[in-house]
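Q: Sharing a structure below in structure tokens format, with a few things to ask.
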Amino acid sequence: MNRINIIKNLAVALVVGLSFTACDKVKEVDPIGDRGQTIVKIVDGGNIDANFVTAGPIPGNRKDSLSIGSGLVANAIDFVNKPSTLPAVVRIRRDVANNADLNKTMTVTVKDDTAAVTRHNAMTGSNLIKLPPSFYTVISPSPKVGGQGGTYNIVFQPGDFAKEIKIVIPNATLLDPSSSYALAFTITAADAGGVISYAHTYLVRIGAKNNYDGIYELTFSNYHPSSNPNYTGNVTEVHLITTGANSVKLYWPLAGTFANPSVLGGNLTYFGAQEPEYTVDPTTFKVTVQNAFSGAATFYTMNPGFNSYYDPASKTMFAKWGYSYVNGTFASGVSREWTQAFRYIGPR
């Protein structure tokens, strides 16, 4: 089996929201009714044409980007077959110039802007997937006109400052947990004297995650008959990424790929063609590990004398497993084995 040495450390960037201008010569304005105007905006909007910094691969060959001065909406929903409500996918606000404007009825038109998702991907190298219309239902406002790529008419009644677009995802298990989905919204019109803010397009990232998904500190040791006979180890940061309702796959940011950290020949490295996937029994919290590499020829065995389990109180996972066991048991000089403790640091 080939051994691949790590050659560089790649940082993983958290995706942030974005926006871009789409009106005739709209200029930046102060937020509270400047110059006697009532300003209509999407809260936390930014500017897609601002300085973007692209950094590092994200699991599944995705790339996310860090945008200077723009907002963020990142929604992680449970990977379950039941409705998940995103109560405020996007918030629209009017900053009124005076009390008379506050007492007006105003209609703001917001476009479901699929082109903004495409533009973001082209500019940043991201692979955000436009959330298919069959995967979600709009519960507010109602009705929506035209399906995906259609429009919303947001009606501000007298006294209203803010409105929200809310959606429900009926079945999150339809989503690919290794991918990120997106919706984007652009204000295209406002009546009753409303002036559209320069920051009026917003992108929302949506991903499915289970209870075990997150960033972890991995403390491990491993055994190899010739490359690590002393069963030494190391500590490194890893991601556990949702692959099912109770399963997560091991991603190693230092390697920039799905891989299992190992000490081999004194180096921190990993074997190719191995992608450990951890499954937690939701009743007993017992952990099993399998090789999720496509076309895998190496299959894992849990060490029968070790309690591999997940502790929900401390969000820590313990596992001991390997391959080339003899009669189902680790054998010195023959087997390969890992002893691992994953300590939860925070969400991805």
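The values are calculated or read from the model by the stated rules, or taken from the named source; none is laboratory data. It should be emphasised that the depicted structure is a prediction, and the values quoted were computed from it without experimental measurement. Calculation scope for accessible area: heavy atoms of the full protein, side chains included, ligands and nucleic acids excluded. Shrake-Rupley method; radii C 1.70, N 1.55, O 1.52, S 1.80 Å.
Q: Under 25 °C and 0.890 mPa s, how fast does region 181-239 diffuse according to Stokes-Einstein, given a Kirkwood radius computed over C-alpha pairs? Answer in µm²/s, whole number.
A: Translational diffusion coefficient: 145 µm²/s.
Q: Can you divide the C-alpha Rg of region 222-340 by 2.2 N^0.38 Å and report the result to two decimal places?
A: Expressed relative to 2.2 N^0.38 Å, the Cα Rg reads 1.03.
Q: Moving on to the next point. What are the extents of the Cα atoms of region 147-224 along their three principal axes, listed from largest to smallest and rounded to whole Å?
A: 73, 26, 23
Q: Give, in nm to one decimal, the length gained when the segment between Ser226 and Thr173 is fully stretched (0.36 nm per residue of separation minus the Cα-Cα distance).
A: Difference between extended and current length: 14.8 nm.
Q: Same structure, new question: Largest first, how would Glu217, Glu277 line up by accessible area (1.4 Å probe)?
A: Result, largest first: Glu217, Glu277.
Q: Let me ask you something else. Once the Cα atoms of region 300-341 are picked out, what are the Rg and Dmax in Å?
A: Just the Cα atoms of region 300-341 yield Rg and Dmax of 11.5, 37 Å.
Q: Where does each of Ile215, Ile139 land when they are ordered by accessible area, with a 1.4 Å probe and the largest first?
A: The ordering from most to least exposed comes out as Ile139, Ile215.
Q: Structure shown: which of Lys163/Lys249; Lys82/Lys130; Lys209/Lys320; Lys104/Lys130; Lys82/Lys286 lie over 32 Å apart, alpha-carbon to alpha-carbon?
A: Check vs 32 Å cut-off fails for Lys163/Lys249; Lys104/Lys130.
Q: Ordering Met123, Met317, Met302 by accessible area with a probe of 1.4 Å, largest first, what comes out?
A: Reading off the accessible areas and sorting them downward yields Met123, Met302, Met317.
Q: Short version: what are the Cα gyration tensor semi-axes of region 89-242, square root of 5 times each eigenvalue, largest first, in whole Å?
A: 46, 17, 15
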